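Below is one structure; the comments refer to it alone.
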Amino acid sequence: MSGTLPLFPASIVGSIPRPLIVRELIEKAEWDETDRTTMDAAVRFVVALQERAGLDVVNDGEWRRRSYIGVIAELAHGFTLETNPADGRPWTVVTERLSSKLPGFVAAEAKFVKQVARAATKITLPAPALLGERLWDAERSTPAYPTREAFVRDCVAPLRAEIALLQEIGVEIVQIDDPHLCLFVDPDVRARHDDPDRAADFAVDMINATVAGFDGIKFAVHLCRRAGARVRGEKHHAGTYGPILSQLNRLHVKHLTMEFTAAGADDLESLGRLREDFELGLGVVDVTPGEPQTAPMIAARVQRALSRIDKRRITLNPDCGFAPGSAAKVDIDEVYLKLKAEADAARLLRAKYS
């Protein structure tokens, strides 16, 4: 991923579970100076947790965000925060045409992490098509955007404005999260679309439009099948990466952060058909709460991948973020132990394959 990183870098995907004090802060409508100081201290802690575990790439756990998707409402006007009638959870929905906000919300996250971290840094952004899938509603959004695709296209500009600031700050990795694209591996999901390949192509086109023209940033795309939903007991999405290989190979990024522990995700035949210039962040740590992970177990998953993938292309990471929802209650000590096992596995692999 970077010339300064070791063989088999140990990385993070995105979210880390928030303690109550952080959850209380992000629910406040307005912050005073004490709130800001408290959040800064919390982010220092979560960065230190990752570095103490031994990771080579860290982030801020997405602790300043209400949600990893809803963060778009910090970058553009046109959204309202409602309650989703389907499940009762908080829901950001587009209700007006997007208009510019002063950019810098995500950049401020990144600037602080760069100041406090000793390891390399990663910042995450939602993919445009993912925003369309989750934030456009046929009833609430059509007065502003008659089609989902029109809304998705308008999401590109605010994301690019933020990336321009991240480029100035010197963030090593910008990860575009697109579990929507990865769902097209599932036969049931494909059956719900008149033309699933066209929909997947559109998702890729929008990512490519988002990252076009930026130098000095390593772009990654994160692919998963809603691991958070699995944790909540919702549908498990099945299928190998085979149905979307042609789309993945068209991505204008250098790195794919992918599930590898979920059923079907460890399909080596499909991974072997990816472009050889891709670095692959393999999700070799199961984020499911209560599922212990050990360094030998994680190393064995990587060794299986080495039968098809050159060792210099592999990064270790969890298969998804550790917090399945903005208010998820997951034991942060369990997360620390899993990240520590990941870093220990990376050291085992370096000792064997260096």
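Report, by residue number, each residue of segment 280-298 that is modelled with pLDDT of 95 or more and open to solvent by 10 Å² or more (accessible area, probe 1.4 Å). Gln293, Thr294, Ala295, Pro296, Met297, listed by residue number. When Val71, Val47 are screened for being closer than 26 Å to Ala203 by Cα and hydrophobic (A, V, I, L, M, F, W, C), only Val71 passes. Annotation note: of Thr257, Thr261, Thr294, the sole residue that is among the polar types (S, T, N, Q) and closer than 21 Å to Asn59 by Cα is Thr257.
Looking at Lys352, Lys338 in this structure, which one is part of a helix (DSSP H, G or I), at negative phi and loosely packed, with under 14 Cβ neighbours inside 10 Å?
That would be Lys352, the only listed residue that is part of a helix (DSSP H, G or I), at negative phi and loosely packed, with under 14 Cβ neighbours inside 10 Å.
Note on segment 66-88: residues that are open to solvent by 80 Å² or more (accessible area, probe 1.4 Å) and either hydroxyl-bearing (Ser, Thr, Tyr) or under 23 Å from Trp31 (Cβ atoms) (or both) amount to 4.
Which of the residues belonging to segment 176-202 are more than 23 Å from Asn59 (Cβ to Cβ) and within 16 Å of the chain's Cα centre (by Cα)?
Leu183
Scanning segment 6-24 for residues that are out of contact with any Phe, Trp or Tyr (no Cβ under 7 Å at 6 or more places or on another chain), open to solvent by less than 10 Å² (accessible area, probe 1.4 Å) and either β-branched (Val, Ile, Thr) or under 23 Å from Pro90 (Cα atoms) (or both) yields Ile12, Val13.
Entry remark, segment 204-228: residues being part of a helix (DSSP H, G or I), closer than 17 Å to Ala157 by Cβ and in contact (Cβ under 8 Å) with a residue 12 or more places away in the chain number 6 in total. The set of residues in segment 299-309 that are touching a helix residue (DSSP H, G or I) at 6+ places or on another chain (Cβ under 8 Å), hydrophobic (A, V, I, L, M, F, W, C) and either surrounded by 20 or more Cβ atoms within 10 Å (Cβ to Cβ) or part of a helix (DSSP H, G or I) (or both) comprises Ala299, Val302, Ala305, Ile309. When Asp32, Asp60, Asp56, Asp40 are checked against the criterion of being open to solvent by less than 10 Å² (accessible area, probe 1.4 Å) and either farther than 30 Å from Phe260 by Cβ or within 22 Å of the chain's Cα centre (by Cα) (or both), a single residue qualifies: Asp60. The residues in segment 147-175 that are under 14 Å from Lys218 (Cβ atoms) and under 17 Å from the mean Cα position of the chain (by Cα) can be counted, and the count is 7.
Looking only at segment 229-267, which residues are modelled with pLDDT under 90, open to solvent by 20 Å² or more (accessible area, probe 1.4 Å) and in a helix (DSSP H, G or I)? If the condition is that a residue be modelled with pLDDT under 90, open to solvent by 20 Å² or more (accessible area, probe 1.4 Å) and in a helix (DSSP H, G or I), then Arg230, Val231 are the ones that fit.
Here is a list: Glu276, Glu342. Which entry is over 17 Å from the mean Cα position of the chain (by Cα), of a type in the set (Asp, Glu) and closer than 24 Å to Arg52 by Cα? Reasoning before the result, please.
Values: Glu276 fails: closer than 24 Å to Arg52 by Cα.
None of the other options fit; the residue is Glu342.
In segment 43-50, is there at least one residue being in contact with a Leu (Cβ under 9 Å, 6 or more places away or on another chain) and at pLDDT below 95? Looking for residues that are in contact with a Leu (Cβ under 9 Å, 6 or more places away or on another chain) and at pLDDT below 95, one finds none in segment 43-50, hence no. Which ones in segment 310-335 are among the β-branched types (Val, Ile, Thr) and part of a loop (DSSP other than H, G, I, E, B)? Val330, the sole residue that qualifies.
Among the residues of segment 310-329, is any open to solvent by less than 50 Å² (accessible area, probe 1.4 Å), of a type outside the set (Gly, Ala, Ser) and over 25 Å from Pro17 (Cβ atoms)? There is at least one residue in segment 310-329 that is open to solvent by less than 50 Å² (accessible area, probe 1.4 Å), of a type outside the set (Gly, Ala, Ser) and over 25 Å from Pro17 (Cβ atoms).
The values are calculated or read from the model by the stated rules, or taken from the named source; none is laboratory data. Note that the coordinates shown come from a computational prediction; the quantities given were computed from them, not determined experimentally. Here the Cβ is made from the backbone with ideal geometry for all residues, glycine too, and neighbour counts use every protein chain on show. Each accessible area value is taken on the protein alone, full model and side chains, heavy atoms only, with ligands, DNA and RNA left out. Shrake-Rupley method; radii C 1.70, N 1.55, O 1.52, S 1.80 Å.
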